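Scroll down for the structure; my scribbles are underneath it.
The values are calculated or read from the model by the stated rules, or taken from the named source; none is laboratory data. Predicted, not measured: the structure shown is a model, and the values here were computed from it. No Cβ is skipped: glycine too gets one built from the backbone with ideal geometry, and neighbour counts run over all protein chains shown. Please note that ligands, DNA and RNA were not included when accessible areas were found on the heavy atoms of the full protein model with its side chains. Shrake-Rupley method; radii C 1.70, N 1.55, O 1.52, S 1.80 Å.
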Amino acid sequence: MTKYWTIFMIMAFSVFTGIWYLSRPKFCYVNLKEVFENFTFTKKLRGDLKMVKSARMRQLDSLHFELELISKKLNSKYSTELATLFQKKRNEYITKEEEILASNSTLTQQYDDQIHAQMESYLVDFGKENNYDMVFGTESLGTILYARDRFDATLEATKYINYRFSSNIK
């Protein structure tokens with residue numbers, strides 16, 4: 001009887017351990033800053049943003065050049081008409097500069113919002129497809145203060161979202 005009881009206890013313990021092992025949560029964390037920086041979509045939109053900013057700066061440079069020409073003429077030969085034109089162009093330059101800075105800031109925020117939304121969507125899919133119960137995000141001021149490297153899925157997540165992004169482009 002004791003022999004059967006021992007075998008029963010060992011089998012019950014094994015079953016319990018197996019059930020516990022299979023039902024334990026699977027989780028990982030990803031470094032969101034690193035994923036953001038290595039996301040192909042981030043690189044694409046940052047390139048687009050750079051082109052837009054350059055075009056806007058050329059407009060500003062053109063106004064600055066006009067302002068410099070008027071200033072040189074004004075320094076060599078003063079006239080009320082030139083002084084008025086200089087003041088008008090100076091105000092136009094200041095207004096345009098403020099407008100460009102505000103537009104650049106707004107566009108940067110819009111692009112970052114698009115990137116974060118797409119990244120979040122892909123990371124949800126990454127968690128589901130890899131059977132994670134939880135995927136934690138961490139940044140320099142994140143909520144995970146320490147985790148073993150074996151839980152770091154940043155590289156896998158980055159590869160996954162870049163693959164998804166590339167496959168959606170085609």
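Just one residue in the set LEU63, LEU49, LEU45 is in a helix (DSSP H, G or I) and in contact with an Asp or Glu (Cβ under 7 Å, 6 or more places away or on another chain); that residue is LEU63. For region 4-13, the condition of being over 42 Å from the mean Cα position of the chain (by Cα) and of a type in the set (Ser, Thr, Tyr) holds for at least one residue. Listed by first and then second residue, the pairs with beta-carbon distance under 9 Å, at least 6 apart or on different chains, first residue in region 40-56 and touching a residue at least 60 places away in the same chain (Cβ under 8 Å), second of a type in the set (S, T, N, Q), are THR40/ASN162; THR40/SER166; PHE41/GLN114; PHE41/GLN118; PHE41/ASN162; LEU45/GLN114; LEU49/ASN104; LEU49/THR108.
Across region 126-151, the qualifying residues are those that are open to solvent by 40 Å² or more (accessible area, probe 1.4 Å), within 17 Å of PHE36 (Cα to Cα) and in contact with a helix residue (DSSP H, G or I) (Cβ under 8 Å, 6 or more places away or on another chain), and the one among them that is modelled with the lowest pLDDT is SER140. Taking the condition at pLDDT 90 or above, polar (S, T, N, Q), closer than 28 Å to PHE151 by Cβ and surrounded by 10 or more Cβ atoms within 10 Å (Cβ to Cβ), does ASN31 pass? Answer is no for this residue. Of all positions in region 137-156, at least one carries a residue that is within 18 Å of THR42 (Cβ to Cβ) and in contact with an Asp or Glu (Cβ under 7 Å, 6 or more places away or on another chain). The set of residues from region 55-95 being open to solvent by less than 50 Å² (accessible area, probe 1.4 Å) and either out of contact with any Leu (no Cβ under 6 Å at 6 or more places or on another chain) or among the β-branched types (Val, Ile, Thr) (or both) comprises ALA55, LEU60, LEU63, LEU67, ILE70, SER71, SER79, ALA83.
In this entry, THR154 is excluded by the filter for residues that are open to solvent by 60 Å² or more (accessible area, probe 1.4 Å) and β-branched (Val, Ile, Thr).
Exactly one residue among ILE94, ILE161, ILE100 is free of Cβ contacts under 8 Å to residues at least 24 places away in the same chain and on the phi < 0 side of the Ramachandran plot, and that residue is ILE94.
Taking region 108-125 as the search range and keeping residues that are surrounded by 13 or more Cβ atoms within 10 Å (Cβ to Cβ) and of a type in the set (A, V, I, L, M), which one is modelled with the highest pLDDT? Step by step, filter region 108-125, then rank; the result is ILE115.
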